[in-house]
1. Of all the Cα-Cα pairs you can form in region 3-165, what percent are over 20 Å apart?
2. By average Cβ neighbour count within 10 Å, what is the ranking of 82-94, 98-110 from highest down?
3. Compute the distribution of all C-alpha to C-alpha distances in region 1-95, in bins of 10 Å from 0, and list the percent of pairs in each, rounded to whole numbers.
4. Which order do peptides 126-137, 67-78 fall in by mean Cβ count within 10 Å, highest first?
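Just so it is clear, none of the values below were taken in a lab; they were calculated from the coordinates. None of the values given here were measured: they were computed from a predicted structure. For neighbour counting, all protein chains shown are included, and Cβ atoms are generated from backbone atoms with ideal geometry for every residue, glycine included.
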Amino acid sequence: MNYASHLKLLAEYNQWMNEKLYGVCSSLSDEGLRQDRGAFFGSIYLTLNHIMYGDLAFMSRFTGDPETVPELGAELFAGFEELKQARFALDSRLVAWAKSLSPEWLAEVQTYKSKVDGKMRSVPRWALVTHMFNHQTHHRGQITTLLAQMGLDVGSTDIPFMPQFVAE
């Protein structure tokens, strides 16, 4: 298996799932999005914000863009629509970026200071990229649970159900 192809698939999966998730979330009021529902980050909105934060933090480490990232827990955007537009733009960027990854770059060790605990970490980039996509999936799972509790369904969240795998 080509690991770069695997990461490209994860980037495409991330984009597909975010389109589905944000589509359902768009039907909620701002109050509904921001209501504390007992999730780790409280609300659906703050969980979406956290996913975006994580992606920006990793992309800052990987590419230098953005140059800086606010502190963990900072609300990144003024509201849902702004967050949604930024999410979709970042997802397009992630897909293009994942297509550019080389085995040599992925094998290198990345040293960085964690914003979570302030410790220096040295981790192979392939593991960090894997974690970035796994982190997204983990928190999207929390959101899909919250939506299901509200009677809202995002549909299948399985990779084989992505449009490119439908046989005609």
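1. The share of Cα pairs beyond 20 Å in region 3-165 comes to 51 percent.
2. Taking the mean over residues of other Cβ atoms within 10 Å, the ranking is 82-94, 98-110.
3. Bins of 10 Å from zero give 15, 45, 31, 8, 1 percent of pairs.
4. The packing order, highest mean first, is 126-137, 67-78.
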